[in-house]
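Working notes for the structure below.
The values are calculated or read from the model by the stated rules, or taken from the named source; none is laboratory data. What you are looking at is a predicted structure, and each value in this text was computed from that prediction instead of being measured. Don't worry about glycine lacking a Cβ; one is built from the backbone with ideal geometry, like all the others, and counts go over all protein chains shown. Side chains are part of the model used for accessible areas, which takes the heavy atoms of the whole protein and leaves out ligands, DNA and RNA. Shrake-Rupley method; radii C 1.70, N 1.55, O 1.52, S 1.80 Å.
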Amino acid sequence: MSRELFFSEYFRRKPFVLRGVADHLLTPALNAVEFEAIRHRMVRDHPVQVVERPGEAWFIRVGDLASPRLAALSAGIREALDWPNVWCDTVQTLTTSGIGCHFDDSDNFVVQQEGTKRWQLSPPSGLPAESPRRRMLGDRSVGTAYMPDDALEFVLGPGDVLYLPIFWSHWGVSEGPSLSVSIALNSANALSDVLPLLAEELAGQRAWWAPMPADTGLDLLWKALSDPELRRRVEDAYRSNRRAAVAAGPTGGEAPSPKAAPKAPVPGHRAEAAAPTAPRRTPQEPDELSFTLGDGALRALLRQPQKPLDPTALLAGLTHEETWDPAHQAHTRHVLLRVLRLLRHFDAGWSALPSTRGTAQAVIDVLAVAEAAELEALARHPVVLGAVRRAEHEVAADYRESSGSFVAQLIPAVIATAARRPEVLADRIVETAPSEPDALAVLPLAERWSAPGSLAAPAALRLDSADAHPLLRTADGVWHRAEVEPIDTVRGSGLLLLGAHNWWGTAGMHGVSWHCGRPPGLSPRAASHAADALALIADCWPEARAAAETSLVFMAEPADAREWLDWPTAGSGRSPALTRAMGLVTVLARSRWRTVTDLFPVPGQLPPVTSPWDGVSRSAAWVCGQVVAARTQAEFSYRLREHGHQDPALTEIADAAAAKAEAVRAALSCPAHDATDGWFGAFAAVQNTPTDRKTP
């Protein structure tokens, strides 16, 4: 079939099957041995792209990243169809199996390699009217569909190729073991590909960057949009980006070879530091990320073998630092590996996003020069943890739009290290996401950076080559010398007193917890109450105070009302210091629970457990986390009483928390878990070995 016939008769109109033509696309055919090699490498290097249905099927997204042959196939399709974003997925079924009826926001060619698969297809007219729009706007929860009785049906055998148009509902069920390759022609829309280019052009026109007038007239804005030269420049930029994307693609086979990170020329001293000029662009953007990690602390951390850890011992001694020190080191390594893997995964789609790729390269370069203590601080940084977890969730759901925001979120965390070594990012521009409406919270430096007078939210930054002072670019494209103010610390402590942070709300909206609590609301006496709370913990439980400063970054309270368990948060008549102290030890417990579950992921879901706190059936992992918090609250309550705090409710609170923890222990000690020592044993019985199986 010719390219012209495909686009004129079939593209996004109707499916078709070509019999026995697969060898024209992939010769020899992909077999089980080659698939196993691809799967092994993807599990090692890109685990978020591998989905298993135990005993039934394996699904590998973007197999190009591990297979030169699949990468070549994608490149051939990109060139033949002049399509910018193509990659190959692979599916192996071990028995009669399917993944259910659904639709995609991509056009797909299914290339059957082994076995037989029966497909049913239905046109988009059968979908709810809003479903395609919501899917194209990034709502990955939309995708399941209903297959009508009058659906089209095709049976594919080895060598057959099926075209699935975008938004067509489809349901493929193998008739036994099978192997297939899906070539995805990934879609985009004008909101993602054209609107940013238009905004960049309009940012240079006064009508669009000037303050809005008092009246509601928008004539000047519409006049600017009617300029044919504006449309021509936007079209030229769009076509240029598309050509670049067609020429690029996921890198198959071996990992990118080490090479020096590109460095922009460093201009001389500026005469007027208070009014920085726009920086020069890097003359040549990198074609792919360089993972040259140097010979510093990061490479040493990634190379060293992980020492055996016992989750039961860790959870039994939440405040025993001699037990937790190896776990913190292992967790630092684990988090940074996840960051690097996500960057490598996202790089496959950054061919048309040079500024995002440049920002990602800056993150890698900063990590490569960081000292061990700085790496440990980054690994417990709440924004890093939240961004990694959110990005992993979105990658698993094939939500490609998250890549730029993930990198931008990392910048305020790593920029503190760069500020201490300005030569690393000398005059390089990096994208950033604001921490607050109009500022960046650089937590490792305990500083807040903003444009003068809070002009607007910062969208990019660079360090002044003269004095390493931060320069911020706001949404109007103008550069400003940043105003720097300190973030308050809790008196006598390294914990920050942070009143708000945008990323907590962002993570919460996407169902991704920071696992470190949220910043407490700041009142006129917040600093005094926070200091009193830490003093109270130090008096009653000094080990918990030390553990909090090791695990946490800022004074925090539970992020969810359920995490307070039996401790009243308002109207109790207790002092704010006492309430904040209880909140902090609760956050400490849940943070360390998250560390253990990160290091020892549960391979299969434990049976649901009825939560004694709200009577709702919840996952055993969530309820176990509640038990850790309950036992910690009970311990702190008993210690408060022993140190002379006469609140009569303390004993009642402690007893209630301990009793509910015991109830869960009993629920998780059933024979199905093969454990005799309570919920700790139930948890430990289903853990992986301490060896990190994902280590390169």
Q: Report the calculated FRET efficiency for Ala244 and Glu662 (r = Cβ-Cβ distance, R0 = 56 Å), to the nearest 0.05.
A: 0.35
Q: Counting only heavy atoms of the protein chains, get the accessible area per residue of the range 95-170 (1.4 Å probe) and round it to a whole Å² value.
A: 42 Å²
Q. Listed highest first by mean packing, meaning other Cβ atoms within 10 Å per residue, what order do 481-491, 354-364 come in?
A. 354-364, 481-491
(Q) How far apart, in nanometres, would the label points at Asp149 and Leu230 be if each is projected 7 angstrom from Cα along the Cα-to-Cβ direction? (A) 5.5 nm
Q | Cα-Cα separations in the range 1-123 greater than 19 Å, expressed as whole percent | A | 54 percent
Q: Go through 120-128, 339-347, 59-67, 540-548 and give me the packing order, highest mean Cβ count within 10 Å leading.
A: 59-67, 339-347, 540-548, 120-128
Q. Can you give the extra length, in nm with one decimal, that the chain gains between Met1 and Ala466 once fully stretched, where that is 0.36 nm per residue apart less the Cα-Cα distance?
A. 161.3 nm
(Q) Using 0.36 nm times the number of residues separating His320 and Gln306, minus their current alpha carbon distance, what extension gain do you get? (A) 3.1 nm
Q) Between His24 and Arg562, 0.36 nm times their residue separation minus their Cα-Cα distance comes to what? A) 187.8 nm
Q: Could you rank the peptides 229-236, 467-474 by their average count of other C-beta atoms within 10 Å per residue, with the highest value first?
A: 467-474, 229-236
Q. For Glu371 and Trp208, FRET efficiency with R0 = 30 Å and r from the beta-carbon atoms, rounded to 0.05?
A. 0.10
Q. Where the centre of each part is set by its Cα atoms, how far does the range 417-486 sit from the range 349-370, in angstrom?
A. 17 Å
Q: Run the 1.4 Å probe and let me know the accessible area of Met212, rounded to the nearest 10 Å².
A: 120 Å²
Q) Taking the Cα-to-Cβ direction at Arg12 and at Ser192 and moving 7 Å from each Cα, how far apart do the two end points lie in nm? A) 1.4 nm
